[in-house]
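The values are calculated or read from the model by the stated rules, or taken from the named source; none is laboratory data. None of these values were measured; they are calculated from a predicted model. Note: ideal-geometry Cβ built from the backbone for every residue, glycine included; neighbour counts use all protein chains shown.
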Amino acid sequence: MITLEKLTKRYGEATVVNEVSLTVERNSITVIVGTSGSGKSTLLRMINRLVEPTSGRVLIGGSDTTREPAHLLRRRIGYAIQSHGLFPHRTVAENIAVVPRLLGWDVARTQVRVRELLGIFQLDPATFADKFPHQLSGGQQQRVGVARALAAEPEVLLMDEPFGALDPIIRTKAQDDLLDIQHHFGTTIVLVTHDIDEAFRLGDRVAVMSEGRVLQYGRPAELLTQPSDPLVARMTGVADRAMKLLSLTTAAEAAEPGESDGPEVSGSASLREVLSELVWRGVSSASVVAADGTRKGRITMQGILSHGHPA
Amino acid sequence: MMARPTRVDRLGTLLALVVAAALALLPFVVFKTNRIVPGEPKALAAVLPGWATLGLYACLSLVAAVAVCLSSARIRFGASLCGIVASAAALAAAADRLTPLGNKIVRVAPGAGFWVLLIGLGLMTTDAVARMRLAPAARVVMLACFLAAAYLVLAHGAFDNLSIMREYAVNAGRFTNEVRRHVALAVGSLGAAVIVALPLGILCHRQPKLRPGMLGVLNVIQTIPSIALFGILMVPLGALALAVPLAARLGVSGIGAAPAAVALFLYSLLPIVANTVAGLRRVSPATVEAARGMGMTNLQVLTAIELVLALPVILTGIRIVLVQNIGLTTIAALIGGGGLGAFVFQGIGQTATDLVLLGAIPTVTLAFCAAVMLDALVEVLDRARA
């Protein structure tokens, strides 16, 4: 759905992004991960033309992004950034309504959409609609920032370190919420982060960037099991790679037929969590229970072992 | 709110002591047999009947007690206001008693004692208003009430025997014109400066390389003494009037309002450009980035986000300029620019202090009103983003 073709950005002598080509699939989350200075933010900002490429091109839905004026392009693409960038002189509702207003939506439609988004982001409209950003907590500001980015129902959402300013507990919650929202709207999300755990947690596909180049682009499990470059292996972490791999598989996916007299675990729990539970209880198997309460089989220590290394 | 006795109020005590000393040592009024002879200082007791003098002192003692002992802003405000009314009434009465009926030659002016008393009470009033933490609109309404009350009292003729009002009576026809001229010069040059300085400030913000040079030049202009600047401008404007007849017909000449307006305009540039730059720099880069990322055009980002967020700081610059201009315009009279300075310089020339005051007091009042109104505006605009 989004195709980057030999995208390059140079500032004078310095090449910040160097001939990056990759394809982002529709309705998926693609995470670009890299250290600071790797060019990941510049790459993201070339998609909505906040940075104009030196060479190469960007296609969204097959059409070249330079075909329309940059500000019109940006109104079709959601954009959320680390320090949220909420407009301090406008209320929460007015902040969320920015892009619908730019697009000329009528007042009633905008209002309905603002209320819907506030509800989805667990911000009671009666309480929050008329508050100013400085009256909100950091987590609430961040949610308003994402709600604003989604206001005009964009097909594509670009996020630059959206959870960077949040403390760890709120960050985990915000990541879960983002996954829910992505399922809900089916938005195609490109997210930039320096946090490899966040990349594995959120990304359907992950691109590892260093010095302006994409070293490897693939599913998280591929990056762990077949790193194409020593730097990728170093970034994904060698010491706990088995644990990372286990965290990519859910109990429901790994369940095998049979009964267990061990504890019950949720089907949505990762194998890493199941392993922790088994070790904690000193048992060797657990039964898997789906959200509706039905039993989905069991997981044994042997089964976990088979998922924790390259196939 | 209950008035609760608290510790001794430091400001109130200081004011009470200074005012008491001034009333004891300095004359309340000055009597002159004509306009320019040196005056004869008179104590209040020597002019008013004993009961009136005692009454005023009793009233002022009560005000002093409030100033020293009570912390309630409303009571302090009311007390200082009563003090001002009582003092003004005593002054008017003294002027009436010292002026023989129908005599237009003798002059009765407020003495140093009265001025210190008025300043003391005025400080107490403004301090009380500040402590009341009034809403911006309420402060403007209060100012309007003060002005209306002062106007009614003056129009009624209560102070007609006072020397300043004598000068006013002689100059009444010119006075309104000079006030208009004064305001037109101060506000007009400000308006022109805003139109030029705002884009300059935006340019300096967008092109940081220009900033040191631009602010440097404006700084140099600011350091030229005003009289020197008027002098410097006489030459080119005089030449312009000679060379371009249209300019001359429009009133441009080496002396008069044109060089005054140009000088005030030049002085106005630095505060507005500097505050525009400071205001725009105050806007968070993340906010601007988000605005662009959301699809606002450059013009929308500038007008709907950057300028709106910078407005309180820009207005603070405009406030500085307006108050500064109202004061500086006084000097315009030196080169024939007119305005309230005309009375000041005429008064100096004639050693007629009363005429100087006729120019100075309205100037101070204008500057004060401008400051109160623009402060209120800045506060209203800044409130949304604490």
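Just the residues that are surrounded by fewer than 17 Cβ atoms within 10 Å (Cβ to Cβ) and under 13 Å from B:Asp127 (Cβ atoms), please, taken from segment B:53-73.
B:Ser71
For A:Gly78, all conditions in the list (1) part of a loop (DSSP other than H, G, I, E, B); (2) of a type outside the set (A, V, I, L, M, F, W, C); (3) touching a helix residue (DSSP H, G or I) at 6+ places or on another chain (Cβ under 6 Å) hold save one; what is the number of the exception?
(1)
Give the residues of segment B:320-355 that are surrounded by fewer than 20 Cβ atoms within 10 Å (Cβ to Cβ) and under 18 Å from the mean Cα position of the chain (by Cα), sorted by residue number.
B:Ile320, B:Val323, B:Gln324, B:Gly327
Taking the condition of being farther than 21 Å from A:Ile196 by Cα and either free of Cβ contacts under 8 Å to residues at least 24 places away in the same chain or surrounded by 15 or more Cβ atoms within 10 Å (Cβ to Cβ) (or both), how many residues in segment A:22-41 meet it?
Looking only at that region, the number is 0.
Taking helices (runs of 4 or more DSSP H) that do not extend beyond segment A:229-293, which have at least 3 residues that are in contact (Cβ under 8 Å) with a residue 40 or more places away in the chain?
A:241-246, A:251-254
Just checking, does segment A:170-185 include any residue being closer than 29 Å to A:Val232 by Cβ, modelled with pLDDT of 90 or more, within 14 Å of chain B (Cβ to nearest Cβ) and crowded, with 17+ Cβ neighbours inside 10 Å?
Looking for residues that are closer than 29 Å to A:Val232 by Cβ, modelled with pLDDT of 90 or more, within 14 Å of chain B (Cβ to nearest Cβ) and crowded, with 17+ Cβ neighbours inside 10 Å, one finds none in segment A:170-185, hence no.
Mind counting the residues in segment A:47-64 that are more than 14 Å from chain B (Cβ to nearest Cβ), within 15 Å of A:Val20 (Cα to Cα) and surrounded by fewer than 18 Cβ atoms within 10 Å (Cβ to Cβ)?
Matching residues across segment A:47-64 total 5.
All but one of (1) within 14 Å of chain B (Cβ to nearest Cβ); (2) in a loop (DSSP other than H, G, I, E, B) hold for A:Gln122; state the number of the condition that does not hold.
Every condition holds for A:Gln122 apart from (1).
Name the residue, out of B:Leu315, B:Leu270, B:Leu357, that is touching a strand residue (DSSP E or B) at 6+ places or on another chain (Cβ under 9 Å), in a helix (DSSP H, G or I), modelled with pLDDT of 90 or more and not β-branched (Val, Ile, Thr). Don't jump to the end; show me each part of the working.
Numbers: B:Leu315 fails: touching a strand residue (DSSP E or B) at 6+ places or on another chain (Cβ under 9 Å); B:Leu270 fails: touching a strand residue (DSSP E or B) at 6+ places or on another chain (Cβ under 9 Å).
Selected residue: B:Leu357, the only one of B:Leu315, B:Leu270, B:Leu357 that is touching a strand residue (DSSP E or B) at 6+ places or on another chain (Cβ under 9 Å), in a helix (DSSP H, G or I), modelled with pLDDT of 90 or more and not β-branched (Val, Ile, Thr).
Any chance segment A:211-230 includes a residue that's in contact with a Gly (Cβ under 7 Å, 6 or more places away or on another chain) and more than 30 Å from A:Arg10 (Cα to Cα)?
Looking for residues that are in contact with a Gly (Cβ under 7 Å, 6 or more places away or on another chain) and more than 30 Å from A:Arg10 (Cα to Cα), one finds none in segment A:211-230, hence no.
Kindly list the number of the only condition in (1) of a type in the set (S, T, N, Q); (2) in contact (Cβ under 8 Å) with a residue 60 or more places away in the chain; (3) out of contact with any helix residue (DSSP H, G or I) (no Cβ under 9 Å at 6 or more places or on another chain) that fails for B:Gln207.
(2)
Is it true that some residue in segment A:100-110 is in contact with a His (Cβ under 6 Å, 6 or more places away or on another chain), part of a helix (DSSP H, G or I), within 21 Å of B:Ala304 (Cβ to Cβ) and of a type outside the set (Gly, Ala, Ser)?
Checking segment A:100-110: not a single residue is in contact with a His (Cβ under 6 Å, 6 or more places away or on another chain), part of a helix (DSSP H, G or I), within 21 Å of B:Ala304 (Cβ to Cβ) and of a type outside the set (Gly, Ala, Ser).
Quick one: would you say A:Gly139 is under 30 Å from A:Asp167 (Cβ atoms), surrounded by 15 or more Cβ atoms within 10 Å (Cβ to Cβ) and out of contact with any Asp or Glu (no Cβ under 8 Å at 6 or more places or on another chain)? Please lay out each step first, then the result.
Numbers: under 30 Å from A:Asp167 (Cβ atoms): yes; surrounded by 15 or more Cβ atoms within 10 Å (Cβ to Cβ): yes; out of contact with any Asp or Glu (no Cβ under 8 Å at 6 or more places or on another chain): yes.
So A:Gly139 fits the description; yes.
Quick one: count up the residues across segment A:188-226 that are assigned to a strand (DSSP E or B), under 13 Å from the mean Cα position of the chain (by Cα) and surrounded by fewer than 20 Cβ atoms within 10 Å (Cβ to Cβ).
Qualifying residue count, segment A:188-226: 0.
Select from segment B:281-303 the residues that are more than 7 Å from chain A (Cβ to nearest Cβ) and touching a Lys or Arg at 6+ places or on another chain (Cβ under 9 Å) and list them in ascending order.
Residues satisfying the conditions are B:Asn298, B:Val301.
What are the residue pairs meeting all of these: first residue in segment A:65-94, first residue within 9 Å of chain B (Cβ to nearest Cβ) and within 19 Å of B:Glu306 (Cα to Cα), second residue in a strand (DSSP E or B) and of a type in the set (Asp, Glu), Cβ atoms under 7 Å, and 6 or more apart or on different chains?
A:Ile81/A:Asp160
Within segment B:266-279, track down each residue that is away from chain A (no Cβ under 14 Å) and either in contact with a Gly (Cβ under 8 Å, 6 or more places away or on another chain) or not polar (S, T, N, Q) (or both).
Going residue by residue through segment B:266-279, those that are away from chain A (no Cβ under 14 Å) are B:266-278.
Within segment B:266-279, B:Leu266, B:Tyr267, B:Leu269, B:Leu270, B:Pro271, B:Ile272, B:Val273, B:Ala274, B:Asn275, B:Thr276, B:Val277, B:Ala278 qualify.
Taking the conditions exactly as written (crowded, with 18+ Cβ neighbours inside 10 Å, outside any loop (DSSP other than H, G, I, E, B), within 14 Å of another protein chain (Cβ to nearest Cβ) and touching a strand residue (DSSP E or B) at 6+ places or on another chain (Cβ under 9 Å)), does A:Leu44 satisfy them or not? Before the answer, list the steps.
Numbers: crowded, with 18+ Cβ neighbours inside 10 Å: yes; outside any loop (DSSP other than H, G, I, E, B): yes; within 14 Å of another protein chain (Cβ to nearest Cβ): yes; touching a strand residue (DSSP E or B) at 6+ places or on another chain (Cβ under 9 Å): yes.
Spelling it out, A:Leu44 is indeed crowded, with 18+ Cβ neighbours inside 10 Å, outside any loop (DSSP other than H, G, I, E, B), within 14 Å of another protein chain (Cβ to nearest Cβ) and touching a strand residue (DSSP E or B) at 6+ places or on another chain (Cβ under 9 Å).
Quick test of your reading of the structure: B:Leu340 fulfils all but one of (1) in contact with a helix residue (DSSP H, G or I) (Cβ under 6 Å, 6 or more places away or on another chain); (2) within 14 Å of another protein chain (Cβ to nearest Cβ); (3) farther than 16 Å from B:Glu379 by Cβ. Name the failing condition by number.
(2) is the only condition that B:Leu340 fails.
Within segment B:83-136, restricting attention to residues that are among the charged types (D, E, K, R) and closer than 24 Å to B:Leu48 by Cα, which residue is surrounded by the most Cβ atoms within 10 Å (Cβ to Cβ)? So that I can check it myself, show each step before the final result.
Pass one, segment B:83-136, residues among the charged types (D, E, K, R): B:96-97, B:104, B:107, B:127, B:131, B:133.
Remaining after also requiring closer than 24 Å to B:Leu48 by Cα: B:96-97, B:104, B:107.
Numbers: B:Asp96: 16, B:Arg97: 15, B:Lys104: 10, B:Arg107: 26.
Step by step, filter segment B:83-136, then rank; the result is B:Arg107.
Among the residues of segment A:245-285, count how many are closer than 27 Å to A:Met209 by Cα and either touching a Leu at 6+ places or on another chain (Cβ under 6 Å) or loosely packed, with under 14 Cβ neighbours inside 10 Å (or both).
Summing the residues that are closer than 27 Å to A:Met209 by Cα and either touching a Leu at 6+ places or on another chain (Cβ under 6 Å) or loosely packed, with under 14 Cβ neighbours inside 10 Å (or both) in segment A:245-285 gives 4.
Looking only at segment B:37-60, which residues are in a loop (DSSP other than H, G, I, E, B), among the aliphatic types (A, V, I, L, M) and within 29 Å of the chain's Cα centre (by Cα)?
Passing the criteria: none in range.
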